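The values are calculated or read from the model by the stated rules, or taken from the named source; none is laboratory data. Every value quoted in this text rests on a predicted model; they were computed, and no experiment measured them. Cβ sites come from the backbone with ideal geometry, for glycine too, and all protein chains shown count toward neighbours. Each accessible area value is taken on the protein alone, full model and side chains, heavy atoms only, with ligands, DNA and RNA left out. Shrake-Rupley method; radii C 1.70, N 1.55, O 1.52, S 1.80 Å.
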Amino acid sequence: MSRRLSNVLINTLLTVCAAVTMFPVYMALVNSVKTQGQMFESVMALPTEFHFENYSQAFHQINLLGSTLNSIIVSLVAIGGIIFTAGLAGYKLSRTPGRLSGFIFIMFVSSMLVPFHSIMISLTRVAKTLGLQGSTWGLGIIYIGLGVNMAIFLYHGFVKSVPRELEESAQMDGCGEFQTYFRIIFPLLLPITVTIGILDFLWVWNDFLLPLLMLTNVDRYTLILSTNMLFGEYNKEWSLILAALVLTAIPVVIIYAFCQRFIMEGITEGAVKG
């Protein structure tokens, strides 16, 4: 009886949490196919008429194709750079014990404690000086610098699960250090690599503040910035805004649905072995 009661309580709690989590999704989907007047009459009610033209209007107003391309470019540059640099750094730091490597690793991990708001002004000035401000690839490079710390931490712990005998065998066959990493070690890091890629994609795709600071041309706006253009000073078309937000969230939901099994696996193995 106690076990059954415990299961009932747990299932009830999970159901309530799921309902609370899905409530904003329900609100966005329902109100994205209403007119402005229908939404103000009853936000919670189902629409009496479905106005799917909200999606077509949002599609053109936020320049969905161009904004999506900009977001893809930024995400590819950021994720590719983070995986490349953090993988090499995590592998080298993990395989080189000593005070210096330990100090460098602690510095990387400690940088995760620094809030972004405390460095954003100086970061903007540095980016402008280096010519990174105003371009999508420059924004991606900045994301690399901000995202390698967590990735190095995860790679550092995951590399410890790889037997050293594989590297010794590769070196006996004549492989150099880079060949050993890219041919032997990196393929074994697939779970943590996919985890890092998904987490960083969610971060870069949904980020608003950094693109707002770095992108000055409307043609270079990411999806989130383009959606923000629907918020007028005196008029806000909430139906179009919600439709645009649904369109913006679709790529994230699709990628997360296909790759979610790697997230907990990679984080758990990397953190525990670290």
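Heads up, I need the accessible area for residue 166: 1.4 angstrom probe, whole protein in place, Å², nearest 10.
Around 70 Å² of this residue is reachable by solvent.
Any idea how far the Cα center of the range 76-146 sits from the one of the range 183-198, in Å?
So the separation of the two Cα centres works out to 19 Å.
With a 1.4 Å probe and every protein chain kept in, tell me what percent of the accessible surface of the chain is carbon plus sulfur.
Carbon and sulfur together cover 69 percent of it.
Roll a 1.4 Å probe over the protein chains and send me the accessible area per residue for the chain in Å².
Accessible area per residue, the chain: 58 Å².
Give a residue-ordered list of calculated ³J(HN,Hα) values for the range 145-157 (Karplus: 6.51 cos²θ - 1.76 cosθ + 1.60, θ = phi - 60°; whole Hz; x for Gly, Pro).
x, 7, x, 6, 4, 5, 5, 5, 4, 6, 5, 4, x
Using per-residue counts of other Cβ atoms within 10 Å, averaged over each peptide, order 36-44, 220-228 from highest down.
220-228, 36-44
For the range 2-53, what log10 I(q)/I(0) values come out of the Debye formula at q = 0.25, 0.30 1/Å, with one point per alpha carbon and no solvent?
-0.87, -1.05
Given the protein chains as shown and a 1.4 Å probe, how many square angstrom of residue 175 are accessible, to the nearest 10?
30
What order do you get for 18-26, 64-72, 191-199, 150-158 when each peptide is scored by the mean count of other beta carbon atoms within 10 Å, highest first?
Top to bottom by mean Cβ count within 10 Å: 150-158, 191-199, 64-72, 18-26.
Sequence gap of 8 or more, or different chains, plus Cα separation below 23 Å: how many lysine pairs satisfy both in the chain?
Taking the Cα cut-off of 23 Å, the pair count is 4.
Check which residues have an amide H placed less than 5 Å from residue 34's amide H, if you skip close sequence neighbours.
Amide H neighbours of residue 34: 51.
How long are the semi-axes of the equivalent ellipsoid of the range 92-166, defined as square roots of 5 times the Cα gyration tensor eigenvalues? Whole Å, largest first.
30, 14, 10
Along the range 89-106, what does the Karplus equation 6.51 cos²θ - 1.76 cosθ + 1.60 (θ = phi - 60°) give for ³J(HN,Hα), rounded to whole Hz, x for Gly and Pro?
Running phi through 6.51 cos²θ - 1.76 cosθ + 1.60 with θ = phi - 60° gives 5, x, 5, 5, 5, 6, 8, 10, x, x, 5, 5, 5, x, 5, 5, 5, 5 Hz.
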